[in-house]
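Notes to accompany the following structure.
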Amino acid sequence: MIIAAGLTPAWQQIMRFETFRAGEVNRALEVHRCASGKVLNVGIALAHLGAPSETISLLGGATGDQIDREFNALGIRRRWIRAHWSTRVCTTILDAETGRATELVENAGPVTAEELEQFRVAYVERAAQAGLVILTGSLPAGTPPEFFRDLLSQTHCPAILDIRGDELIAALNCRPLLVKPNREELARTLGRDLSDDRQLHAAMQELNDRGATWVLITQGAGPAWARTHDRLFRLVGPKVSVINPIGSGDCLAAGFAWGIFDGQPPLEAIRLGLAAAAENAKQLLPARLDPELVTAGAATVMVEPV
């Protein structure tokens, strides 16, 4: 089983406009609402790919109840810790004229020490039965940056980290199988400019040296970079007509986990991840993937040793 765990889910509102004009009255062509946020996107993507999985997160209030109803309707295994605040609402604005996606993000509410402990206990119990775990998303205000590291210290299976900042640095000595910040996130995490590819590659090596077995760096529609301790690869994913890019990074993590759990070598699993990300961008709602299309897309991912 694969465990997807994170502390900052969201109830997502997706609004599509023919033309969006800031500072003016805008009437949406269509509006959709669904479970989202990084950890929920990963859990939904894993379920659609057919991977045996369970999602662990915090939920609260009426929005949390809506998320639970959707997971129940989708038949996704989950374990919720009830939070004292309502699950946040985030809004995606899609401009059909320009193709731009604008994300309006509500920060997650702070968690109590009791809620964090309940989450830790649930995670440790389920991770003990897992073959792979994915820890993803930001930490709510007041959560120690070592929280993910402490979870990993009690994890005895391979781990994928889709986190950034101090929490990523703190977790590296637990030797995760894969870390996958995007280029901007890695620059912010290390506090230095990574606009030059040589600077980027040196930064990736630094993460390897600190403990990450594989480092995967994405940069939007551009090529991705993957590095293990003695090898560097440039990868070009499928070209698609983008409808909504939100959640593509989460689908990448899920696609990689799906491949690893199925026994694929890491580089082949990365190809599945990139194909899952591309497939996600083609659709309006995040993480509702078709495994056959993802598999077909992975065959088109170009891998170039550097």
Out of all the residues in segment 260-306, which are open to solvent by 70 Å² or more (accessible area, probe 1.4 Å) and under 24 Å from Q12 (Cβ atoms)? K282, L293
With the requirement that a residue be assigned to a loop (DSSP other than H, G, I, E, B), without any contact (Cβ under 8 Å) to a residue 60 or more places away in the chain, open to solvent by less than 40 Å² (accessible area, probe 1.4 Å) and not small (G, A, S), what does segment 66-100 give you? I76, W85
Residues (in a strand (DSSP E or B), crowded, with 19+ Cβ neighbours inside 10 Å and out of contact with any Phe, Trp or Tyr (no Cβ under 8 Å at 6 or more places or on another chain)) located in segment 218-259: T218, A224
Any idea which of (1) part of a loop (DSSP other than H, G, I, E, B); (2) over 26 Å from A221 (Cα atoms); (3) open to solvent by 40 Å² or more (accessible area, probe 1.4 Å) is the one T155 doesn't satisfy? (3)
For segment 101-112, what are the residues that are among the charged types (D, E, K, R) and part of a loop (DSSP other than H, G, I, E, B)? E106
Result of the Cβ filter at 8 Å on segment 29-46, keeping first residues that are over 21 Å from F256 (Cα atoms) and partners that are in a helix (DSSP H, G or I), at least 6 apart or interchain, is R33/Q66; C34/E70; A35/I44; A35/Q66; A35/I67; A35/E70; A35/F71
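Could you please let me know if D95 is over 28 Å from T143 (Cα atoms) and not small (G, A, S)? Don't jump to the end; show me each part of the working.
On the way: over 28 Å from T143 (Cα atoms): yes; not small (G, A, S): yes.
Taking the combined requirement at face value, the residue satisfies it.
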Condition check: in contact with a strand residue (DSSP E or B) (Cβ under 7 Å, 6 or more places away or on another chain), within 16 Å of V39 (Cα to Cα) and not in a helix (DSSP H, G or I). Does L135 satisfy that? yes
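Under the condition of being part of a loop (DSSP other than H, G, I, E, B) and farther than 18 Å from P140 by Cβ, which residue from segment 25-65 is least open to solvent (accessible area, probe 1.4 Å)?
Restricting attention to segment 25-65, the residues satisfying the condition of being part of a loop (DSSP other than H, G, I, E, B) are 25-29, 37, 50-52, 60.
After this cut, where a residue has to be farther than 18 Å from P140 by Cβ as well, the list is 25-29, 50-52.
On the way: V25: 127, N26: 41, R27: 199, A28: 41, L29: 96, G50: 59, A51: 11, P52: 64 Å².
Looking at residues that are part of a loop (DSSP other than H, G, I, E, B) and farther than 18 Å from P140 by Cβ, I get A51.
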Confirm whether A130 is outside any helix (DSSP H, G or I), open to solvent by 10 Å² or more (accessible area, probe 1.4 Å) and more than 23 Å from L252 (Cα to Cα). no
Looking at G50, is it at pLDDT 95 or above, in contact with a Pro (Cβ under 9 Å, 6 or more places away or on another chain) and on the phi > 0 side of the Ramachandran plot? yes
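Yes/no matrix, rows are residues, columns are (1) farther than 30 Å from V242 by Cβ; (2) surrounded by 14 or more Cβ atoms within 10 Å (Cβ to Cβ):
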position	(1), (2)
A108	no, yes
V111	yes, yes
E114	yes, no
G137	no, yes
R149	yes, yes
I163	no, yes
C174	yes, yes
L186	no, yes
T189	no, yes
Options N244, N208; residue that is touching a Lys or Arg at 6+ places or on another chain (Cβ under 7 Å), within 25 Å of V301 (Cβ to Cβ) and not acidic (D, E): N208
Within segment 117-127, residues open to solvent by less than 20 Å² (accessible area, probe 1.4 Å) and either part of a loop (DSSP other than H, G, I, E, B) or within 21 Å of N173 (Cβ to Cβ) (or both) come out as Y123, A127
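The values are calculated or read from the model by the stated rules, or taken from the named source; none is laboratory data. Values in this document were obtained by computation on a predicted structure and should not be read as measured data. Don't worry about glycine lacking a Cβ; one is built from the backbone with ideal geometry, like all the others, and counts go over all protein chains shown. The area values use the complete protein model at the heavy-atom level, side chains included, leaving out ligands, DNA and RNA. Shrake-Rupley method; radii C 1.70, N 1.55, O 1.52, S 1.80 Å.
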